[in-house]
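All remarks here apply to the structure that follows.
The values are calculated or read from the model by the stated rules, or taken from the named source; none is laboratory data. Worth saying up front: this structure is predicted, and the values here are computed from it rather than measured. Cβ placement follows ideal geometry from the backbone for every residue including glycine, while neighbour counts extend to all protein chains displayed.
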């Protein structure tokens, strides 16, 4: 590495304190693109030895050394302020739950919520933005603004600068940028959602001196998702779980236990609060609307089985096709439809060509409630799940569910009353249960009524709000 390269990247890194507050975020990223990651790493080793990769517990202790005092001296707002951190507001299950809970909680007046996203909430990544804006929830995202007051604070606070340098390079720039946002907002609580953001947001919140941090687990542990699992996740989760200002909450008992085994901690360390369903977001459509969508799909006076999922490996869409093929051999007038997009959509289109119009790929839809209300059953073949919203929503609309026993799915179904469960990969069993349902109209009516009751009683949004508010109050009382 030439001295010119060192000094060129050094200038960007000097401004990198302002990465926290976005004064030179773009300059730093351009330097990485121009000079390369090796230059970045070499400069860090030469000029900032404290930024070497340390064990997660040691690094967390360093960045928290002076922040702990700041957290103890924090004066809570009259209306406690909560910042929620998530990657984006894309049309996903965790994003739906965040937007649904935050919007409803904001209207209670108990807490003042803000949402901070890693990516700008625009286009597909802003799917739930209108729901939050309607509830007057402020939105922020990295790269949006520069807060010059925070720049001044960083320049004058040597201890803060040392904490920032303790954030290791393996975590990238996001935790440092999050610190800058949190210094500007000064929240009482940070609530992070999903794995990457739990770690980035948890580290950033502790470094910023936020008094209490909540990490939200939304599925099974990261090793179940090899496409994006990183080796550094385990030690950082373990370090955060051991921190006294950090609380952890999952949306299913199965998911909580799985994370606890992976992290090697007592399962009681992880609380459980189930997803909340807002019936106002999913009003039952009228008969004319249902008839119209059935006609569009080609299912007028024909049994209709719907799948609502992202077309990706975790959802096992090939198994969906195999189940459809087996059911159609017994119920030839049935229609199967998948509402959703994803990386395997074209592959599934090719795999199901022989089924013709008996299997329809609908792509992403805005009328999911109508599709679920129109269906005779919903089928899900997932190999891994958190607490699937689709199962809760289907039953709320009177649609029985036939599903694999993946993750927290078992907690969303009343087996043999509102739906059926089969082991993951049991294509024959899933097909058998669907044939049983489709062949017995009286059973479908019983299951439909039981499904509505089970969903309403077990997943009411008000209960979720009360439990999350109680969690916030309990972590506040621990200070």
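Within the range 77-89, how many residues are crowded, with 19+ Cβ neighbours inside 10 Å and part of a loop (DSSP other than H, G, I, E, B)? Explain how you work it out, then say what you get.
Our first condition is that a residue be crowded, with 19+ Cβ neighbours inside 10 Å; within the range 77-89, this holds for 80, 82-89.
Narrowing further to those that are part of a loop (DSSP other than H, G, I, E, B): 80, 87-89.
Going through the range 77-89 one residue at a time, the tally reaches 4.
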Among residues of the range 265-320, those that are assigned to a loop (DSSP other than H, G, I, E, B), more than 19 Å from residue 98 (Cβ to Cβ) and either more than 21 Å from the chain's Cα centre (by Cα) or not assigned by TED's automatic domain parsing to the domain that holds residue 351 (or both), counted: 12
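Can you tell me how many residues within the range 425-457 are in contact (Cβ under 8 Å) with a residue 60 or more places away in the chain and surrounded by 16 or more Cβ atoms within 10 Å (Cβ to Cβ)? Break it down stepwise before answering.
Taking the range 425-457 and keeping what is in contact (Cβ under 8 Å) with a residue 60 or more places away in the chain, we get 425, 427-428, 430-431, 434-435, 437-439, 444, 455-456.
Add one more test, that the residue is surrounded by 16 or more Cβ atoms within 10 Å (Cβ to Cβ), and what stays is 427, 430-431, 434-435, 437-438, 444, 455.
Looking only at that region, the number is 9.
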Qualifying residues in the range 459-470 (those that are touching a strand residue (DSSP E or B) at 6+ places or on another chain (Cβ under 9 Å) and crowded, with 18+ Cβ neighbours inside 10 Å) - the one nearest to residue 375 (Cα to Cα): 459
Hey, residue 355 within 28 Å of residue 251 (Cβ to Cβ) and not in a loop (DSSP other than H, G, I, E, B) or not: no
Condition met for residue 393 (in a helix (DSSP H, G or I) and surrounded by 19 or more Cβ atoms within 10 Å (Cβ to Cβ)): yes
Unmet requirement for residue 466, which otherwise passes all of (1) touching a residue at least 24 places away in the same chain (Cβ under 8 Å); (2) in a helix (DSSP H, G or I): (1)
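Being in the same structural domain as residue 116 (by TED's automatic domain parsing), crowded, with 23+ Cβ neighbours inside 10 Å and either out of contact with any helix residue (DSSP H, G or I) (no Cβ under 7 Å at 6 or more places or on another chain) or at pLDDT 95 or above (or both): is that true of residue 217 here? Explain how you work it out, then say what you get.
Working: in the same structural domain as residue 116 (by TED's automatic domain parsing): yes; crowded, with 23+ Cβ neighbours inside 10 Å: yes; either out of contact with any helix residue (DSSP H, G or I) (no Cβ under 7 Å at 6 or more places or on another chain) or at pLDDT 95 or above (or both): yes.
Spelling it out, residue 217 is indeed in the same structural domain as residue 116 (by TED's automatic domain parsing), crowded, with 23+ Cβ neighbours inside 10 Å and either out of contact with any helix residue (DSSP H, G or I) (no Cβ under 7 Å at 6 or more places or on another chain) or at pLDDT 95 or above (or both).
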Condition check for residue 430: assigned to a helix (DSSP H, G or I), under 24 Å from residue 299 (Cβ atoms) and either outside the structural domain of residue 302 (by TED's automatic domain parsing) or touching a strand residue (DSSP E or B) at 6+ places or on another chain (Cβ under 6 Å) (or both): yes
Looking only at the range 193-213, and only at residues there that are outside any helix (DSSP H, G or I) and more than 14 Å from the chain's Cα centre (by Cα), the one that is modelled with the highest pLDDT: 213
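Could you identify the single residue in 419, 408 that is under 26 Å from the mean Cα position of the chain (by Cα), within 16 Å of residue 376 (Cβ to Cβ) and not assigned by TED's automatic domain parsing to the domain that holds residue 80? Full working, then the answer.
Numbers: 408 fails: within 16 Å of residue 376 (Cβ to Cβ).
Exactly one of 419, 408 is under 26 Å from the mean Cα position of the chain (by Cα), within 16 Å of residue 376 (Cβ to Cβ) and not assigned by TED's automatic domain parsing to the domain that holds residue 80, namely 419.
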Top-ranked residue in the range 366-390 [being modelled with pLDDT of 95 or more, within 22 Å of the chain's Cα centre (by Cα) and not in a strand (DSSP E or B); ranked as surrounded by the fewest Cβ atoms within 10 Å (Cβ to Cβ)]: 383
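Going by what's in this entry, would residue 407 be described as on the phi > 0 side of the Ramachandran plot and modelled with pLDDT under 95? Spell out the reasoning first.
Values: on the phi > 0 side of the Ramachandran plot: yes; modelled with pLDDT under 95: yes.
Taking the combined requirement at face value, the residue satisfies it.
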Number of the exception - residue 257 against (1) in contact (Cβ under 8 Å) with a residue 40 or more places away in the chain; (2) in a helix (DSSP H, G or I); (3) surrounded by fewer than 21 Cβ atoms within 10 Å (Cβ to Cβ): (1)
Cβ pairs under 6 Å, 6+ apart, first in the range 344-371 and farther than 22 Å from residue 326 by Cβ, second modelled with pLDDT under 95: 363/341; 364/341; 369/282; 370/285
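Yes/no matrix, rows are residues, columns are (1) in contact (Cβ under 8 Å) with a residue 60 or more places away in the chain; (2) within 21 Å of residue 386 (Cα to Cα):
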{"site": "166", "(1), (2)": "yes, no"}
{"site": "172", "(1), (2)": "no, no"}
{"site": "182", "(1), (2)": "yes, no"}
{"site": "187", "(1), (2)": "yes, no"}
{"site": "196", "(1), (2)": "yes, yes"}
{"site": "209", "(1), (2)": "yes, no"}
{"site": "220", "(1), (2)": "yes, yes"}
Subset tally (residues that are part of a helix (DSSP H, G or I), surrounded by 20 or more Cβ atoms within 10 Å (Cβ to Cβ) and within 18 Å of the chain's Cα centre (by Cα)) for the range 223-253: 2
Condition met for residue 361 (at pLDDT 95 or above and closer than 20 Å to residue 278 by Cβ): no
Lone unmet requirement of (1) without any contact (Cβ under 8 Å) to a residue 12 or more places away in the chain; (2) within 30 Å of residue 208 (Cβ to Cβ) for residue 264: (1)
